[in-house]
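The values are calculated or read from the model by the stated rules, or taken from the named source; none is laboratory data. All of these numbers come straight from a predicted model, not from anything done at the bench. Every residue, glycine as well, gets a Cβ built from its backbone with ideal geometry; the counts of neighbours run over all protein chains shown.
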């Protein structure tokens, strides 16, 4: 039973040691991605500073940079924990190998001493000749052969254990060295994070002097956001009514009456149910609506970067990207509306339906699709607008019927 548990323990340690590098590789890839995002955010922030854009915009960019830096610190913390586990498991393996080597060497020494004492060839012959019968003599000869073979096997086993110990020692040294590098990186990232927080505080203080103007700007943006939200719901409600009317006519049944619960939801055909279920099944796996970019404004109620007691509500997310970037469909569907802002012809939005789910791509300067067109996943829908200051951002929303959902939970 003890041998069984030893074997299980050995395989557990071995599997853990082999599993760690793969996890470490994933964390290294994650770190590289976050560092890339940090670099892109820094470039955008520097560009904002050069253009002397709104300080609020700079504060939001700085906030996003701090969040990315915190993600990087979390990733390096995971790396440190994994390396500590690897060092611990390797040390356990080395301790086990040392114990086994000690036992093997002691047994081998006893065997060598015993062999030395009985090295006289004549005594071996006498050991065989003193047998009472032929069968006993044969068994004694076989015993001597097995004894010699066992000695050789033990010698080989000692060599193998010693080789394994050298490998484990090298792995331990590498893990310790890698851990030191990660700890140095962590300290460096902490210092960068502190600098970025100080910069954010400086920006906040720079506009505290003009609170009335700031409050008016916030209020204006919130009113615009609510107005847009109402407009989107009106457009979707109109599409629901029209779609339900068409489906009811085909089925020869009356359409849901206005004001009822049924009238606020798409009455799905069998094909529509499949499309809706497929979209739902891909939650957390959808591609980003831009090829490259970072979330600039998050979904839901967010504390204002300056006035912490003030809450800003977002029904979508805002993604910052490069000039000339295109919006792309996150899932196959049908374009049912292209919205154009009456006050700004450069502001357009594309509505794509996926069963009873809807994705909306806003702040486009031009559109590549038309109403009623079927689109595929990652198909380009239009070019994202770049404002006079050089800022390129797109609003992205996900709804089920007229209910807003958090887009971040749907994207990969």
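Restricting attention to the range 332-354, report how many residues are outside any strand (DSSP E or B) and either under 28 Å from the mean Cα position of the chain (by Cα) or modelled with pLDDT of 95 or more (or both).
Number satisfying all stated conditions: 1.
So the check is Cβ under 6 Å with 6+ separation or different chains; which pairs have a first residue in the range 386-406 that's free of Cβ contacts under 8 Å to residues at least 24 places away in the same chain and in the same structural domain as residue 336 (by TED's automatic domain parsing) and a second one that's surrounded by 21 or more Cβ atoms within 10 Å (Cβ to Cβ) and part of a strand (DSSP E or B)?
As it stands, the answer is 405/398, since those pairs meet every condition given.
Would the range 240-251 turn up any residue that is farther than 27 Å from residue 86 by Cβ, surrounded by 14 or more Cβ atoms within 10 Å (Cβ to Cβ), at pLDDT 75 or above and touching a strand residue (DSSP E or B) at 6+ places or on another chain (Cβ under 7 Å)?
No; the residues of the range 240-251 include none that is farther than 27 Å from residue 86 by Cβ, surrounded by 14 or more Cβ atoms within 10 Å (Cβ to Cβ), at pLDDT 75 or above and touching a strand residue (DSSP E or B) at 6+ places or on another chain (Cβ under 7 Å).
Among 195, 233, which is modelled with pLDDT of 70 or more, part of a helix (DSSP H, G or I) and under 30 Å from residue 399 (Cα atoms)?
After ruling out the rest, the residue left standing is 233.
Condition (residue is exposed (fewer than 15 other Cβ atoms within 10 Å of the Cβ) and assigned to a strand (DSSP E or B)) applied to the range 386-399: is it met by at least one residue?
No: the range 386-399 contains no residue that is exposed (fewer than 15 other Cβ atoms within 10 Å of the Cβ) and assigned to a strand (DSSP E or B).
Would you pick out the residues in the range 252-273 that are loosely packed, with under 15 Cβ neighbours inside 10 Å and either in contact (Cβ under 8 Å) with a residue 60 or more places away in the chain or within 17 Å of residue 336 (Cβ to Cβ) (or both)?
271, 273
Would the range 294-303 turn up any residue that is exposed (fewer than 15 other Cβ atoms within 10 Å of the Cβ) and either over 27 Å from residue 33 (Cβ atoms) or in the same structural domain as residue 201 (by TED's automatic domain parsing) (or both)?
yes
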